[in-house]
Amino acid sequence: MNDQNEADLLEKKYFRTFQIIMVASTVLFSGFVGYICFDYFIRPKVSTSHYHFNVQYRVGNETAMSEVVNNTLYPLLQIYDRNPEFRGNIEMQSLTLEWMNKTNPECSDLLRKLVLDTKQIQLVMVQYSSALAIAYPYIDMYKSIVHTQELIEDFFGVYPESGISRAIMLQEGQFMLGASRIIEDIKNSEGNPVYDTLMVTKEALSFFGVERDAPIYRYQLAGLEEIFILPYVQTVMEGDVFHSVLWFMDGELLVAGEEQYWTKDGYWEMNASFFEEIEFMTRNHENRLKDLARQGNHFLHLDEWVNTLLDRGQPPLLDQYVPETHWQTYRYRGPFVWMAQTKGGTPFSDGEVCSRNYYTHQKLLATEIMLNYSHFNLSSINASVYSSYFQRLHRAWLDLAEAQVTDTTGVSPRDFEGYFAFNKTQAALNNATEIMSLLVNVTNEWNNTVYTNNGSIQIVALNQIKGMNPVMTNQSEFINFTTNLGSGGQHALPVMLELMNANGLNVTSMILETPWNPALNYSRVRVSFPETTDMEENWAYIKFKGLFNEISYSPSLIEYDTINLSRSEYYPDTYEAYEDWDSRSAHDNFELYLPLANGLIYSTEGRYAVIKNCSQSHVCMKWNPDEIRFMQTEIINPHGETWEYFILQDVSINQALEFANLVNAFSVETFDGDDLS
Amino acid sequence: MKWFKRKKEEIPMNRLSLSRGLIMVGIMCIFIGIFMVFFSMVLSTIQLNSSSGGFARPLEMCHVLWLRYGTSSAFFALGGLDIIAGYLYQKKIKKRLMVITSFFNQPYIALGILVLSILWILQAMEPDGGISQFFAKMFNLDVRDPIDALYYGYIISKMPKLELLLFSLGHLALMPFSTRVSNLILAQVDFRLRKKGRRAAKPRPNMELRFQRKANSYMIWGGIILGLFAAVSYAIGHIMAIGLDITVILINFNVFKFPTIPFKYYKLYLSVIPAILISTCAYCIIASIGYRKKPEKRFFRVLAWIGSIIVLLIPFYGLYFGLHSVFSLWYTRPNLSKRTKRIDIPLVEET
C-alpha cells in the first residue's frame, strides 16, 4: 500500500513538473518571440533610399547610356509618379542630366516634377562623371563638382536646395575622409556647405576596426571642418526607429535583369542591347513599396534622416581612421579591383589607365596655369580669347573626368571601355597641347624661348601654391631631376626589393635641385615587366621590405598634408600568396590597400619615403607592417610595362611630401618646341 | 479562466497536466504565427529585386504576402486546435480529437515539408541542375534545353518555397514541446496503429525509473544543443575571420545586441567559445551516461546535478530541458536501487 501511495505521489509529481515546465517554457519562449514582434510593431518605421544609377555603366557605348535612362531610370520615376506617398533619393552623376535632355526629354520633365513640384525625389549628385576620385588629385574632383552645380542649375532652372542632398555618395561606394575638403570649398549662395555628409557601408567601418556602433558619426581630418559619416545597411533598428533602405544597389538591376525570362504572359527575350525593363520586376518593387506604405512606413529623404539623427544630439566621433575604400570591402578589397586587378576584355591594365589619366591631369593643370598666367600676369591675351581657351580647357577637364570613370578599370571592363579612357584622354591632351601652342605663339617671352632660342618652358604647379612664378623660361631657375653618377645602387637603399615576374630592374642615384631647398639625394627605381598572360602565375609586383608599421601618407584629396597611421591598429593580413586577393576562406586576410593619390608613403620609424610615380603606373599599394606591395594581377600589354618609384632616405615628412607633389599632384612640366608640334 | 481553476481532484493530474501542456503548445504556436507576420513585414524592407545570392529571379511579393497571411494562419489554426483540444481534454477524453491533434503535433509533417521546400529551393538556385532535371520530367520538360530551363525556373519561382520552409522551421522550433505532449497524450489515450485483439492492462510505470530516464535524456539533449551552438559559434567566427562582419546583421534587433560580441573579438568565436561549449557538451553527455549506469552513486548524482544546471543556461530550450533534468533528479531518491532491465509483457490474444 505504501508503495502504491508512493507510486501515486511520484506520478502526480511527474505530471505536475511537466505542467510547470511547460508553463515556464511557454512564458520564456513566447515572451522572447513576443518581445521581438512587439518591439517591431510599436517602433516607428522609416525608410531611406539611394537608388544608384550610372549612365556610364558601359562607358563609351551611347546605346547603353540611353538604355540606362530610358529603360531603367524612367520606369523608376514613373513608379514614384504613380504613388505620391513614396519618397526617396536617387544617386547619379550629373552627366546623366545632359544625357537625359538629349535622349528623353519626357524623363527630364518627370524628374523636374518629382524634384521641384512633388518633392518626392531628392538627388544625390556630386560628380559630373563617376570618376575614381580616390586615385586622383583634388582639383579633378573640384572641377567635376563645380560643373555639377552648374548643370543642376541649368537643368532645373533654379538650384533646388532641398532637391539636392547634403550626402556624398560616389560610384562604387567610394569612401574617403579627405572629402571633408569639399565642405569648405563647395558652398551655396548663403555660404553654407552644399555637402557635409559622407556615406559608407557599415561593413566597411567594421572591416577597418571601427568599434562603436552608431547611426551617424562625425569626424575631423587635417584641420578641416567636421564631416558627418552616415553608415548604412539594409535593415536595422537605430535611432529608436526601424530603419530600412529601399534600394542601395545599382538602379539598373532594380528593373532589368537577365536577358531572357519566362513570365505569366510567356517567354520574354530582351530586345535592347544592354538594359531593358522587365515588367514584373517593376511591379514587384512597386508592390513592395506599397506594402511598406500600408504598414505605416515613413518614406524619408536622406537629409531628413540625417536631420532626425542630428536632432537627437551630437553624433559620436568616429573612433578609427578609415582609409580609402569602396563598398563590399570584403569582396573588393578597397581600391584593389580598380587599381590592380586586370580582368575583362579591356586591352589596358588598371595601372596603365590610371597612370594615363594621371598624366593627363598633370598636362591639363600645367596648361591651365599657363593660360591663367598669360592672361592675368602677362596680359598677352584679352578676356574674350581667355574665355574661349578656358572653355576648351574646361571641355578637356570634362573629358578627363569621363576617362577617370570607374568603369574603365573596375569590375571586368570591356574592350570599348578601355579604349574610351584612351580616346578621351587623347582628346584632352590634344586640346591642352593646342592651347599651349596658341599661348606660346601669342606670348612674346615664351615664343622667343621656345622658337627663337630653342629652349624650354617649365611649369611648376607647386610654385603657384608657394606664391612664386609658376611659368619659368630661365633654365637656371628650373627644377632639375638629374642623375648622380658614381654613387648609389640597390645596396644603398633603406629597403629590400622583391620582384615577381620582372625582366628588368634599374636603380639610379639622383639629385633633386630646386630654387627653394638644398639639393636632395634620392634613388630612382625602375622596374620593367613583360606580358605575363602566358605565365603560370600572372601577377607582377614589386615589394619594398622595411619598417612600415608606422607610416605617414596623404589621404586622397588632401595631397597637401599627411596623417600618421599604424598598421597594428587594423586587423591583420597574414595570408600572402598568389591570388590572395581572391581568397574568401583564409582567416586573418584583412588586406589593406591604399590608392596613394600623390604617391607618397613615408616610414616614420625609418625616416624614409617611397614615392610612386603615378603617371608611370598608378596601382594601389598593399600595406603590411614589414612591407608594401605594388601589384597588377596580370600584365597584358604585349610591350610590357615599366613602373617607377623614388626612394628618399633620411628625410623629414615635409620634404618627402614636397617631393611627392612635385612628381605627381603638382608636377613639374617641361616642354619645348617639339612637344608643341 | 474556469478551466484553469477547476479543482484538481475533479480531474486526474495526468490529464490536467497534459491538457494544460497542450494549451501551452497552442499558445506557442500562436506566437510563432505572430512571428511569421513580423518576419514577412521585415522581408518587405529587404531588396527583393536583388539578384544576388544565387537566385536569378527576385523574391516575389506574393510569397511575402502568403507568408504573412498563409503561413501565419496555419500556425494560428494549429494553435487554436491545440487550445481547443486541450480544453476539451479536461472535460472528457475525446480520443479521436486527441489523436488528430497529437498527429499534427508530431514533427514528421514538418520534416516532410522541410525536405520538400529544400528540394524546391535547390531547384530554384539551379533550374538546369541535376535535381531539376529529375523533377522537371513531371512537367514534361527537359531542362537541358535553355528555354525549358527558363520555364521550369518560372514554375519553381511560383512554388511556395519560403512559406513552407518557414512553416516547417517554425513547427520544428516547437518540436521538443509539441512532440513530448503529443507522445504523452497518445500513450494516455492508448493509441495504437494496428489493432490486434485486446491488450492486457498496462503495467504500472516505475516513476522513479521514468524520472531517471528523463534526467538522462534531457541532459544528453542539452549536451547536443551545446555542441550545435559550438558549431554555430565557429561558423560565425569563420565568417568574421574572413572579413565579413556578421554582427552587423545580428545586432539589427535590440534583443540580440547584448549577447553579441563585438567584431574585434572575432577570435573568441573561433576558439574560446567553441572550446567552452564543446567541453560542457562533453560534460553533460558523460554525466548523463555516468548517472544512467550508476544512479545510486553520489558522485554521479552530483555530476548529473551540475550538468542539469548547465543545461538550464542554454538559450531558448535550456529552461525546458534543464528544468526536466533538475526536477527529475530532485524527485529520485539518493539511495536508488540499481537499474533493472525492461521486460516485455506479451500481448494477450482475444479468445
Task: Over region A:587-663: Kirkwood hydrodynamic radius from C-alpha pairwise inverse distances, Å - done: 13.5 Å
TODO: Work out from phi, with θ = phi - 60° and the Karplus expression 6.51 cos²θ - 1.76 cosθ + 1.60, the ³J(HN,Hα) of each residue of region A:202-209, listed in order in whole Hz, and give x for Gly and Pro.
DONE: 4, 4, 5, 4, 4, 4, 9, x
Task: All-pairs Cα distance distribution in region A:1-57, expressed in whole percent, bin size 5 Å - done: 4, 13, 9, 10, 8, 8, 8, 7, 7, 6, 5, 4, 3, 3, 2, 2, 1, 1, 0
Task: Taking only Cα atoms of region A:287-442, radius of gyration then Dmax in Å - done: 22.9, 70
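So which GluC sites (Glu not before Pro) in region A:57-129 pass both tests, a DSSP loop state and at most 13 other Cβ atoms within 10 Å of the Cβ?
A:Glu85
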Open item on the list: From zero outward in steps of 10 Å, how is the percent of C-alpha pairs of region A:230-364 spread across the bins?
Closed with: 8, 22, 26, 26, 15, 2
Task: Exposure proxy ranking, count of Cβ atoms within 10 Å, fewest first, for A:Ile229, B:Ile23 - done: A:Ile229, B:Ile23
TODO: May I ask which residue of A:Ser412, A:Phe336, A:Asn307 lies farthest towards the positive end of the charge dipole of region A:285-415, with charges of +1 (Lys, Arg) and -1 (Asp, Glu) on Cβ and the Cα centre as origin?
DONE: A:Ser412
TODO: Calculate, for A:Asp534 and A:Tyr578, the FRET efficiency according to 1/(1 + (r/R0)^6) with r their C-beta to C-beta distance and R0 22 Å; round to the nearest 0.05.
DONE: 0.90
Open item on the list: Bins of 10 Å, beginning at zero and ending with the bin holding the largest distance: percent of Cα pairs per bin for region A:342-394, please.
Closed with: 23, 34, 20, 16, 8
- [ ] Please state the charge dipole magnitude for region A:391-496, taken about the Cα centre, from unit charges on C-beta atoms (+1 on K and R, -1 on D and E), reported in debye and rounded to the nearest 20.
- [x] 140 debye
Open item on the list: Could you tell me the center-to-center distance, by alpha carbons, between region B:267-287 and region A:445-517 in angstrom?
Closed with: 64 Å
- [ ] Summarise the partner chain shielding of A:201-214 as one whole number: the mean count of Cβ atoms from other chains within 10 Å of each residue's Cβ.
- [x] 4
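Set the Förster radius R0 to 25 Å, insert the Cβ-Cβ distance between B:Arg333 and B:Ile286 as r into 1/(1 + (r/R0)^6), and round the FRET efficiency to 0.05. Don't jump to the answer; show the numbers that get you there.
On the way: r = 23 Å, r/R0 = 0.92.
Using R0 = 25 Å, I get an efficiency of 0.65.
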- [ ] Please report, in Å, the Rg and the Dmax of chain A, where both are computed over Cα atoms only.
- [x] 29.0, 132
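Peptide A:35-43: average number of partner chain Cβ atoms within 10 Å per residue?
Averaged over the peptide's residues, the number is 4.
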- [ ] Sorted from largest down, give the three principal axis spans of the alpha carbons of region A:301-392, whole angstrom values.
- [x] 56, 45, 26
TODO: Starting from the exponent 0.38 and prefactor 2.2 Å, build the expected Rg for region A:165-248 from its residue count and divide its actual Cα Rg by it.
DONE: 1.14
Task: Value at 222 nm in deg cm²/dmol, rounded to 500, when DSSP H runs of n ≥ 4 in chain A each add -39,500 (n - 2.57) - done: -11000 deg cm²/dmol
Task: Rg/Rg_ref, region A:1-110, where Rg_ref = 2.2 N^0.38 Å and atoms are Cα - done: 2.42
Open item on the list: Given a Förster distance of 51 Å, report the FRET efficiency between A:Asp626 and A:Arg395 from their Cβ-Cβ distance, rounded to the nearest 0.05.
Closed with: 0.60
Open item on the list: Based on alpha-carbon centroids, what's the gap between region A:638-655 and region A:1-50 in Å, whole number please?
Closed with: 69 Å
TODO: Could you work out the equivalent-ellipsoid semi-axes for region A:371-441, taking the square root of 5 times each eigenvalue of the Cα gyration tensor, largest first, in whole Å?
DONE: 32, 10, 8
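Calculate how many DSSP beta bridges within chain A are antiparallel, expressed in % of all such bridges and rounded to the nearest 5.
Of those bridges, close to 75 percent are antiparallel.
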- [ ] May I ask for the net charge around A:Asn549, where only other residues with Cβ less than 13 Å from the Cβ of A:Asn549 are counted and Lys, Arg are +1 while Asp, Glu are -1?
- [x] -4
- [ ] Between A:Glu258 and A:Asn454, with labels modelled 7 Å along Cα→Cβ, what's the label distance in nm to one decimal, could you check?
- [x] 6.9 nm
Task: Virtual paramagnetic centre 7 Å along Cα→Cβ of B:Cys62, amide N under 14 Å, in region A:244-283 - done: A:262-266, A:280-281, A:283
Open item on the list: Using square roots of five times the C-alpha gyration tensor eigenvalues, list the equivalent-ellipsoid semi-axes of region A:504-544 in whole Å, biggest first.
Closed with: 34, 8, 8
TODO: Kindly give the semi-axes, whole Å and largest first, of the ellipsoid equivalent to region B:66-176, taking each as the square root of 5 times a Cα gyration tensor eigenvalue.
DONE: 38, 13, 11
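Laboratory data are not the source of any read-out in this text; all were calculated from the coordinates shown. Fair warning: this is a prediction, and the values are worked out from it, not measured in the lab. Positions of Cβ are generated from backbone atoms using ideal geometry, with glycine treated the same way; all protein chains shown enter the neighbour counts.
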